[in-house]
Amino acid sequence: MILNEQTVKAIRADIPKYPQRRSCILPALTHAYRQVGHLNEVVYREIADVLDLDTIQIAEAASFYTMFPKQPVGKYFIQVCHNLSCSLLGAESLVEYLLRKLDVKKGAITPDGLFTVVTVECLGSCTTAPMMQINDLFYENLTREKVDAIIDELRKKG
Ligand code: FES
C-alpha cells in the first residue's frame, strides 16, 4: 500500500458528500497527491479500491490535470503557463530563464531536490500573464526580477 491510513480515511470521508462515487475522484486524487507527492498506477488502483470504481476511471481523470505530476517532482513543483496570453507576454523566455537559473532540464528535479519546472496549458489567470503556479500558489505578472526573488525565497525556506 502506498496510501496511508490517514489518506484512505480522508478519501472515505468524502464519499457521503457526493451523489456519485465518480464525483469523489478529484478530491481523492488531491488527498493522494498531498501524501505521495505525485500520482502513478499503484495510486490509481488503491483509490479505485477505496471508491469501488475501475482503475481506468481514476487514471483518466488524473491524466487531464497537470497539477497532479505523474512522476516524482521537486519539493517546489513549478508549472509555468505557456498558453496564448502568457506566451505573448514572454512565458517562453521566462521558462528558459528559470531552467538556466536552476540548471535543470524541463521535468527533471534539481540535485538539491527542491525544484521541478514544467510548462502547462492555461491556468485561468490570463489577465495576470505571464504567470506560474508553484505547488498551490499562483505567482503572477512575472518578470525575471520577480522570479529571482521567488526562487531566492524558496531556497531560503529549503
Ligand atoms: S494563458 Fe496563461 S493563465 Fe491563461
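The values are calculated or read from the model by the stated rules, or taken from the named source; none is laboratory data. Here the structure is a predicted model, which is why all the values come from computation and not from measurement. Glycine also receives a Cβ, built like all others from the backbone with ideal geometry; neighbour counts cover every protein chain displayed.
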Among the numbered conditions (1) within 25 Å of GLN71 (Cα to Cα); (2) touching a Gly at 6+ places or on another chain (Cβ under 9 Å), tell me where LEU142 comes up short.
-> (1)
Show the residue pairs that are 6+ apart or on different chains and have beta-carbon atoms under 7 Å apart, the first residue being within the range 40-61 and in contact (Cβ under 8 Å) with a residue 12 or more places away in the chain, the second being not in a helix (DSSP H, G or I).
-> ASN40/LYS70; VAL42/ILE2; VAL43/ILE2; VAL43/LEU3; GLU46/MET1; GLU46/ILE2; GLU46/LEU3
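Is it true that some residue in the range 39-50 is under 11 Å from the mean Cα position of the chain (by Cα), assigned by TED's automatic domain parsing to the domain that holds ALA13 and among the basic types (Lys, Arg)? Full working, then the answer.
Restricting attention to the range 39-50, the residues satisfying the condition of being under 11 Å from the mean Cα position of the chain (by Cα) are 39.
Filter once more, keeping what is assigned by TED's automatic domain parsing to the domain that holds ALA13: 39.
With the extra rule that they be among the basic types (Lys, Arg), the set shrinks to none.
Within the range 39-50, none of the residues are under 11 Å from the mean Cα position of the chain (by Cα), assigned by TED's automatic domain parsing to the domain that holds ALA13 and among the basic types (Lys, Arg).
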Would a scan of the range 53-64 turn up a residue that is surrounded by fewer than 18 Cβ atoms within 10 Å (Cβ to Cβ), within 15 Å of the ligand (Cβ to nearest atom), of a type in the set (Phe, Trp, Tyr) and within 30 Å of ALA13 (Cβ to Cβ)?
-> no
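Okay, residues lined up against (1) outside the structural domain of VAL42 (by TED's automatic domain parsing); (2) touching a helix residue (DSSP H, G or I) at 6+ places or on another chain (Cβ under 9 Å); (3) within 15 Å of the ligand (Cβ to nearest atom):
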site: CYS81; (1), (2), (3): yes, yes, yes
site: CYS86; (1), (2), (3): yes, yes, yes
site: LEU94; (1), (2), (3): yes, yes, yes
site: LEU99; (1), (2), (3): yes, no, no
site: LEU114; (1), (2), (3): yes, yes, no
site: ALA129; (1), (2), (3): yes, yes, yes
site: GLN133; (1), (2), (3): yes, no, yes
site: ASP152; (1), (2), (3): yes, no, no
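Could you run through the range 77-101 and say how many residues are among the hydrophobic types (A, V, I, L, M, F, W, C), surrounded by 14 or more Cβ atoms within 10 Å (Cβ to Cβ) and not in a strand (DSSP E or B)? Talk me through it step by step, then tell me what you get.
Pass one, the range 77-101, residues among the hydrophobic types (A, V, I, L, M, F, W, C): 77-78, 80-81, 84, 86, 88-89, 91, 94-95, 98-99.
Add one more test, that the residue is surrounded by 14 or more Cβ atoms within 10 Å (Cβ to Cβ), and what stays is 77-78, 80-81, 86, 89, 91, 94-95, 98-99.
Retained after the next criterion (residues that are not in a strand (DSSP E or B)): 86, 89, 91, 94-95, 98-99.
Selection size over the range 77-101: 7.
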Give the residues of the range 129-151 that are outside any loop (DSSP other than H, G, I, E, B) and surrounded by 16 or more Cβ atoms within 10 Å (Cβ to Cβ), sorted by residue number.
-> MET132, GLN133, ILE134, TYR139, VAL147, ILE150, ILE151
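How many of the residues in the range 1-51 are in a loop (DSSP other than H, G, I, E, B) and not aromatic (Phe, Trp, Tyr)?
Here is the first cut: in the range 1-51, the residues in a loop (DSSP other than H, G, I, E, B) are 1-4, 18-20, 37-40.
Filter once more, keeping what is not aromatic (Phe, Trp, Tyr): 1-4, 19-20, 37-40.
Summing the residues that are in a loop (DSSP other than H, G, I, E, B) and not aromatic (Phe, Trp, Tyr) in the range 1-51 gives 10.
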Given (1) of a type in the set (Ser, Thr, Tyr); (2) crowded, with 16+ Cβ neighbours inside 10 Å; (3) closer than 25 Å to GLY124 by Cβ, number of the condition TYR18 does not satisfy | (2)
Hits in the range 119-128 (condition: surrounded by fewer than 18 Cβ atoms within 10 Å (Cβ to Cβ), in contact (Cβ under 8 Å) with a residue 40 or more places away in the chain and within 23 Å of ARG34 (Cα to Cα)) = VAL120, GLU121, CYS122
